[in-house]
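Participant: Encoded as structure tokens, here's the structure I'll be asking about.
The values are calculated or read from the model by the stated rules, or taken from the named source; none is laboratory data. These numbers come from a predicted model, not from an experiment. As a convention, Cβ positions derive from the backbone with ideal geometry for all residues, glycine included, and neighbour counts pool all protein chains shown.
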Amino acid sequence: MITTDNGLRAVCEAASTASAVALDTEFVRTRTYYPQLGLLQLFDGQQVSLIDPLTINDWAPMRDLLLNQDVTKYLHAGSEDLEVFLNAFNLMPQPLIDTQILAAFCGRPMSWGFASMVEEYSGVALDKSESRTDWLARPLTERQCEYAAADVWYLLPIASQLMAETDRAGWLPAALDECRVMQQRRQEVVDPAEAWRDIGNAWQLRTRQLGCLQLLAEWRLRKARERDLAVNFVVREEHLWSVARYMPTSLGELDSLGLSGSEIRFHGKTLISLVEKAQALPESALPAPLQNLIDMPGYRKVFKDIKALVQEVSTEKGVSAELLASRRQINQLLNWHWQLKKQAGEPELISGWRGELMAERLKRLLNDYPR
């Protein structure tokens, strides 16, 4: 266990001479908005290091290692780990490769778990009984440390095998592009002013109610980030929607809508104030009504047509349809095509490696479904 600044410096200096390292994190996120780093695991091919973030102050050597372009960083199913790195160190490890993505290009399931991967490649059945551990509690038991160490000990040798497999299959450039997309997706930060668009059933509300929801959702997200509290521990989403729907004018009305005692006690006056502000908004400041994607004319048919096209490409190119296009990605494409949601850049299905395979065919298909 690495518990001192000097210990961390020595570990990072040694790892910086390796061509690749395996990384993993253990974190806790029960009531907080941001993940709380409980343990950082590193394997450089020679030594497994369990790094205790609760006792270390100088993280400069780790930041230098994470950004060292000569050292490839391997993670497995690393999307959440990337959020931890962003929150703890304000950076994304580079260069970074996710072995779950490599495995998907080698014909494994999209959500292939680490234990299944280790069992196939190493013949070892990992003990996952510690996966629900409170990683912020100290001291960690020997069993917890063994569990954490296994996550990087097995990862590095398997990663080199998967890299070779992916390369032989001809999919390595696409896999590396997919790792880039994963990082880009994780770096996207919700603009508080746009948070209302992610509230369930927002499309059912009229314009002034949407104006109210916009104010409420922006306030809630800012409060959650400021207090490092999960958004539903500020005000539950269904309660936020009810306030926007009925626009109450008193604490008693909030109570009748089903808000909890703590929600009313801590935030009731603020909620009423935001409702009053929404009531005073000029018509020109109100958002346009939301259109629900699945209610768009032709949605079911175009979704089915896209799935059929994806299956054709899957058969032609020998890559799984599940990897080519998820439901989320198809809906992202249709939201972009029908201009239902603001999007930065082109949808994933018509950009990057997917775009090379099917962008032109998808665009021709979409021409049959004008807005």
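Participant: Could you list, ordered by first residue, the pairs with Cβ atoms under 9 Å in which the first is in the stretch 288-306 and on the phi > 0 side of the Ramachandran plot and the second is in a loop (DSSP other than H, G, I, E, B), at least 6 apart or interchain?
Facilitator: Taking only residues 6 or more apart or on different chains, the pairs are Gly298/Asp368; Gly298/Tyr369.
Participant: From (1) more than 17 Å from Glu360 (Cβ to Cβ); (2) surrounded by 13 or more Cβ atoms within 10 Å (Cβ to Cβ); (3) under 23 Å from the mean Cα position of the chain (by Cα), pick out the condition that doesn't hold for Leu333.
Facilitator: The number of the failed condition is (1).
Participant: Now for a separate question. Inspect all residues belonging to the stretch 212-234 and state whether any of them is surrounded by fewer than 16 Cβ atoms within 10 Å (Cβ to Cβ) and acidic (Asp, Glu).
Facilitator: Yes, because at least one residue in the stretch 212-234 is surrounded by fewer than 16 Cβ atoms within 10 Å (Cβ to Cβ) and acidic (Asp, Glu).
Participant: Okay, next question. Answer yes or no: is there a residue in the stretch 310-324 that is out of contact with any helix residue (DSSP H, G or I) (no Cβ under 6 Å at 6 or more places or on another chain), surrounded by 16 or more Cβ atoms within 10 Å (Cβ to Cβ), assigned to a helix (DSSP H, G or I) and not assigned by TED's automatic domain parsing to the domain that holds Met110.
Facilitator: Within the stretch 310-324, none of the residues are out of contact with any helix residue (DSSP H, G or I) (no Cβ under 6 Å at 6 or more places or on another chain), surrounded by 16 or more Cβ atoms within 10 Å (Cβ to Cβ), assigned to a helix (DSSP H, G or I) and not assigned by TED's automatic domain parsing to the domain that holds Met110.
Participant: Another one. Return the total of residues in the stretch 173-214 being assigned to a helix (DSSP H, G or I), acidic (Asp, Glu) and over 20 Å from Ile101 (Cα atoms).
Facilitator: Counting residues in the stretch 173-214 that are assigned to a helix (DSSP H, G or I), acidic (Asp, Glu) and over 20 Å from Ile101 (Cα atoms) gives 2.
Participant: For Ser111, only one of the following conditions fails: (1) part of a loop (DSSP other than H, G, I, E, B); (2) over 18 Å from the mean Cα position of the chain (by Cα); (3) among the polar types (S, T, N, Q); (4) over 19 Å from Leu39 (Cβ atoms). What is its number?
Facilitator: (2)
Participant: Considering each of Glu322, Glu316, Glu348 in turn, give the residue that is out of contact with any Leu (no Cβ under 9 Å at 6 or more places or on another chain) and among the charged types (D, E, K, R).
Facilitator: Glu322
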